[in-house]
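Structure first, commentary second.
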Amino acid sequence: MGMGIDVRNQMAKRAAEEIQNGMVVNLGIGIPSLVPNHLSKETMVMFHAENGITGMGPSPVKGEEDENLCNAGGFPVTLNMGGSYCDSAIAFGMIRRGRVDITILGSLQVSQYGDLANWIVPGKKVPGMGGAMELAQKAKKVIVVMNHCDKHGNPKIVPSCTLPLTSARCVDLIVTDLAVFKVSEDGLLLTELFSPFNLEYVVNKTGCEFKISKTVRNIPY
């Protein structure tokens with residue numbers, strides 16, 4: 001079952017808290033594309049897309065979309081003042097040179113040590129991994145925003161990924177519809193809970209062990 005728009009926006013809003021003034025930020029498709037809608041007008045950020053845009057703004061008002069202006073997922077976007085276009089080669093060159101401060105991605109699985117599997121389920125057709133491999137390796141900070149469990153109720157945070165990896169030990173922060181985890185070499189640290197979920201519920205829905213912060217922030221929906 002898919003998440004409601006309010007839940008998706010709450011997750012995007014939490015991910016947006018990691019963005020600081022002056023950063024270059026790459027956004028994946030899905031929930032990450034909602035992040036620009038949750039930044040204050042005072043926050044000056046250059047949103048980057050692999051298809052050749054630097055300086056994306058919020059989603060356009062319905063009816064005011066520009067058919068020639070879209071993100072890497074093909075969804076309509078706006079362009080902030082000072083934004084620019086380039087070809088994909090230059091866009092990927094920016095990633096590979098480490099010019100992206102944060103990438104915010106969706107995922108199919110994340111291991112307790114930050115391994116990322118987000119591009120394929122074997123046997124199913126997919127368009128490809130896009131820029132995920134380069135972003136996971138070269139962005140200064142990697143944030144995953146995803147459902148805590150898949151459509152069958154299986155945990156997506158696991159001891160070891162069973163799906164093909166995009167990149168190993170690359171994830172820094174996980175934001176799910178239930179909680180927020182920091183990732184380190186020692187494993188996961190739960191730092192925040194989304195209301196109305198409690199710690200016991202999150203433990204039961206998580207496929208691996210994790211540590212708990214001395215102070216756990218509660219985020220109301």
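In whole Å and largest first, what semi-axes does the C-alpha gyration tensor of region 78-136 yield when each eigenvalue is scaled by 5 and square-rooted?
On the way: eigenvalues 133, 45, 26 Å².
The equivalent ellipsoid of region 78-136 has semi-axes of 26, 15, 11 Å.
Which percent of the accessible area of the chain is formed by carbon and sulfur heavy atoms (probe 1.4 angstrom)? Spell out each step's value before the answer.
Working: 6110 of 11690 Å².
Heavy-atom surface of the chain belonging to carbon and sulfur, 1.4 Å probe: 52 percent.
Is it possible to state the helix-based mean residue ellipticity at 222 nm for the chain, with each DSSP H run of 4+ residues giving -39500 (n - 2.57), the sum divided by total residues, to the nearest 500 deg cm²/dmol? What is it?
Working: 4 runs with 35 residues, N = 221.
Counting only the DSSP helices, I get -4500 deg cm²/dmol.
When all alpha-carbon pairs of the chain are counted, what percent fall beyond 24 Å? Mind dumping the intermediate values first?
On the way: 10016 of 24310 pairs.
Result for the distance tail: 41 percent.
HN-Hα J couplings of region 92-98 from phi, Karplus 6.51/-1.76/1.60, θ = phi - 60°, integer Hz, Gly and Pro as x?
For region 92-98, the Karplus curve yields 6, x, 4, 5, 5, 8, x Hz.
Full extension from Lys214 to Glu17: what is 0.36 nm times the residue separation minus their Cα-Cα distance, to one decimal in nm?
Values: separation 197, 0.36 × 197 = 70.92 nm, distance 2.07 nm.
Length difference between fully extended and current span is 68.9 nm.
If I build a Gaussian network model for the chain, linking alpha-carbon pairs within less than 10 angstrom, which residue out of Met81, Met94, Met146 has the largest mean-square fluctuation?
Answer for the Gaussian network model of the chain: Met81.
Using DSSP, restrict attention to beta bridges with both residues in region 131-221 and report what percent are antiparallel, rounded to the nearest 5. Don't skip to the answer; put the middle values down first.
Details: 10 of 18 bridges.
Bridges in region 131-221 that DSSP calls antiparallel: roughly 55 percent.
Accessible area per residue, 1.4 Å probe, Å², for region 1-140: what's the number? Each step should come with its number before you reach the end.
On the way: 7510 Å² over 140 residues.
So region 1-140 comes to 54 Å² accessible per residue, rounded to a whole number.
Rounded to the nearest 5, what % of DSSP beta bridges with both residues in the chain are antiparallel?
Details: 20 of 40 bridges.
Approximately 50 percent, going by the DSSP bridge assignments.
Quick one: which residues, 5+ away or cross-chain, put their amide H under 5 Å from the amide H of His148? H built at 1.01 Å from N.
Under 5 Å from the amide H of His148 lie the amide H atoms of Asp177, Leu178, each far enough along the sequence or on another chain.
Given a 1.4 Å probe and heavy atoms of the protein chains only, how would you sort Arg169, Arg8, largest accessible area at the top?
Working: Arg169 145, Arg8 70 Å².
Largest accessible area first, the list is Arg169, Arg8.
Among the listed pairs Lys138/Lys211; Lys138/Lys205; Lys41/Lys151; Lys156/Lys214, which are separated by more than 29 Å between their Cα atoms? List each step's numbers first, then the result.
Values: Lys138/Lys211 27 Å; Lys138/Lys205 31 Å; Lys41/Lys151 36 Å; Lys156/Lys214 24 Å.
Among Lys138/Lys211; Lys138/Lys205; Lys41/Lys151; Lys156/Lys214, the Cα-Cα distance tops 29 Å for Lys138/Lys205; Lys41/Lys151.
If you keep only loop residues by DSSP, which GluC sites (Glu not before Pro) in region 19-126 have at most 15 other Cβ atoms within 10 Å of their Cβ? Please list the in-between numbers first.
On the way: sites: Glu42, Glu50, Glu64, Glu65, Glu67; in loops: Glu42, Glu50, Glu64, Glu65, Glu67.
Passing both the DSSP loop test and the Cβ count: Glu42, Glu64, Glu65, Glu67.
Choose one answer from Ser111, Ser195, Ser59: the residue with the largest mean-square fluctuation in a GNM of the chain with alpha-carbon springs under 10 Å.
Result for the chain, Cα springs under 10 Å: Ser195 fluctuates most.
Kindly express, to the nearest 10 degrees and within the range 0 to 90, the angle between helix 5-16's C-alpha long axis and the longest C-alpha principal axis of the chain.
Value to nearest ten degrees: 80.
Where does each of 69-77, 171-179 land if you order them by average Cβ count within 10 Å, highest first?
Values: 69-77: 16.9, 171-179: 22.9.
Result, highest mean first: 171-179, 69-77.
Could you order the peptides 203-215, 12-24 from most to least packed, using the average number of other C-beta atoms within 10 Å per residue? If you can, show how the numbers build up before the last one.
Working: 203-215: 13.5, 12-24: 17.2.
Peptide ranking by packing, descending: 12-24, 203-215.
Per q in 0.12, 0.13, 0.19, 0.22 1/Å, what log10 I(q)/I(0) does a Debye calculation on the alpha-carbon atoms of region 108-221 return?
-0.41, -0.48, -0.98, -1.25
The values are calculated or read from the model by the stated rules, or taken from the named source; none is laboratory data. In this text, all values refer to a predicted model and were calculated from it rather than measured experimentally. Glycine gets a Cβ as well: all are built from the backbone with ideal geometry, and neighbour counts include every protein chain shown. Remember, those area values only see protein heavy atoms, side chains included, never the ligands or the DNA or RNA. Shrake-Rupley method; radii C 1.70, N 1.55, O 1.52, S 1.80 Å.
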